[in-house]
Amino acid sequence: MNSIARFLGASVSLRTLLQGLVVLGLGVLLSAIFVSHVSGQPKGFERENVALTGSHSDMQFLAGQSVRISANVTDDVFAAGRDVTFDSATVKNAIVAGYDVELRSGNIADMIAAAANVKIAGSIEDDVVAAARSIRVSSDGTVGGDARFASETIDMEGRIGGNMRAAAARITITGKISGKADFLAERIVIASGAAIGGDLIYRSEAEPEIAKGAKIGGKIRRIEIDKSNLHTIGFSILGIGMFIMVSWMIGMLLLIIIVQLAFPGLMAASAGQFQTNPWSHLGRGITGVLLAIALTGLLFASILGIPLGIALFIVIAFVWLLGLVTVSNYIGLLVRRGKRTSIDAKLPARIGWGIAGAILLGIIAFIPFVGGIIASLAIAAGFGAAAAELWKRLRTA
């Protein structure tokens, strides 16, 4: 832990990172529990698009496929969804998880984000901590305090009022950093017009690419990657990897929540199908997956068939996700009752126990040699049950 803290800057920043992850996970789970009470109607669970407007003085828990915040919130906001957008919003603190997270405009005091893509085009008054596949601070984006980023690619085009600490495969700076910059990267680019007020500290085999017209106010220092530093950097990368892994796990749990909110009846019926004859659905699932993969391959072999191949691939992925939710529901409710049972629980309970089942399935998958096979077969059986229920509904539609 101390090694990770040395890279991220201080023990305070590490505690903030870990606290953010804990609060992020709790926020996602609590949003699924409380959204029905906030909306006042059980149908609130089935909304795919959630919009928050107006003024609010209490905490806000938001979850949906698409979450849009255009409100004045004097307390914290916990948001989870495939797309989470802050548009002309004023928020105290934001804890966010999703695929695409964007601060399009407005002001946030502090922000912690875990996503595939993070874009900051508004104003963060104090600090930001983000882990993603790509992070971009656009030319209109500002961070008043410190920025701590972990990503594959980082593009900083705006302004950071404090220090910037980042780890990535590629870091490109075209904006302004008032404090020091501390980077761990394979490639570092300081473009013309970029400015770093303090030192540029870097850990990289390659020299930073500093263009003419770029300004470095302090010293340029390289920390050698030798045996004495491998331990520190190894733990730093491990910490970043754990952060991204936890974010990915939270994202998967989020998908399970969203699917159950969007298709509560279908998921309950699929779990019932799974319960009646899991072995039969396992055979159907394996057969269906193999046939679908073979057909997709044939379609991709033809230029004219590529669009159909893409469409079929999307359908397979969607039904596979339904299969994951189906088997997670069954495992969770099986643990709940300790015996085979009909799927008679209410939606909030199904969501909670479905998450528990998904976590248990994930633990099983980590068992050496056989865990992955067992988990894959279980999801294949869920795939067969979900496909059977979908086919049944299509025939009667």
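Bear in mind that the values in this text are calculations on the coordinates, not laboratory data. A quick note: this is a predicted structure, and the numbers were derived from the prediction, not measured. Methodologically, a virtual Cβ is constructed for each residue, glycine included, from the backbone with ideal geometry; neighbour enumeration extends over all protein chains shown.
Please give the peptides 321-334, 282-295 ranked by average Cβ packing (other Cβ atoms within 10 Å per residue), highest first, as a rough proxy for protection. Working shown, then result.
Values: 321-334: 25.8, 282-295: 15.9.
My ranking of the peptides, most packed first, is 321-334, 282-295.
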In this structure, the FRET efficiency calculated for residue 364 and residue 315 from their beta-carbon separation, with R0 = 45 Å, to the nearest 0.05, is 0.95
Suppose R0 equals 30 Å; then what is the FRET efficiency for residue 392 and residue 294 from their Cβ-Cβ distance, rounded to the nearest 0.05? 0.80
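Just order 147-159, 267-279 by mean Cβ neighbour count inside 10 Å, highest at the front, would you? Provide the component values of the computation, followed by the final result.
Details: 147-159: 22.4, 267-279: 20.5.
The most tightly packed comes first, giving 147-159, 267-279.
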Label-point gap, in nm, between residue 88 and residue 105 - each point 7 angstrom along Cα→Cβ: 0.6 nm
Please find the FRET efficiency linking residue 373 to residue 66, where r is the Cβ-Cβ separation and R0 is fixed at 45 Å, and quote it to the nearest 0.05. 0.80
Which residues qualify? For residue 68, with a placed amide H closer than 5 Å and at least 5 residues away or on another chain, they are 50, 51, 52, 85
Using the Karplus curve 6.51 cos²θ - 1.76 cosθ + 1.60 with θ = phi - 60°, work out ³J(HN,Hα) for each residue of region 137-150 in order, rounded to whole Hz, and write x for Gly and Pro. 9, 6, 4, 8, x, 9, 10, x, x, 8, 10, 10, 10, 9
For region 64-72, take each phi angle, set θ = phi - 60°, evaluate the Karplus expression 6.51 cos²θ - 1.76 cosθ + 1.60, and give the result in whole Hz per residue in order, putting x for glycine and proline. x, 5, 10, 10, 10, 10, 9, 9, 9
How many nm is it between the label spots at residue 211 and residue 224, if each spot is 7 Å from the Cα in line with the beta carbon? 3.3 nm
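Using the per-residue mean of other Cβ atoms lying within 10 Å as a proxy for protection, in what order, highest first, do the peptides 95-101, 182-188 fall? Don't skip to the end; give the middle numbers.
Working: 95-101: 24.1, 182-188: 19.4.
Packing proxy ranking, top to bottom: 95-101, 182-188.
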Just subtract the alpha-carbon distance of residue 276 and residue 186 from 0.36 nm times their residue separation and send over the number in nm, one decimal. 27.1 nm
Going by amide H atoms built from the backbone, whose H comes under 5 Å of the H on residue 144, apart from near neighbours? 124, 125, 126, 161
So the compactness index of region 263-396, its C-alpha Rg divided by 2.2 N^0.38 Å, takes the value 1.11
Please turn the phi angles of region 277-286 into ³J(HN,Hα) values with the Karplus equation 6.51 cos²θ - 1.76 cosθ + 1.60 (θ = phi - 60°), one per residue in order, whole Hz, x for glycine and proline. 7, x, 5, 5, 5, 5, x, 5, x, 4
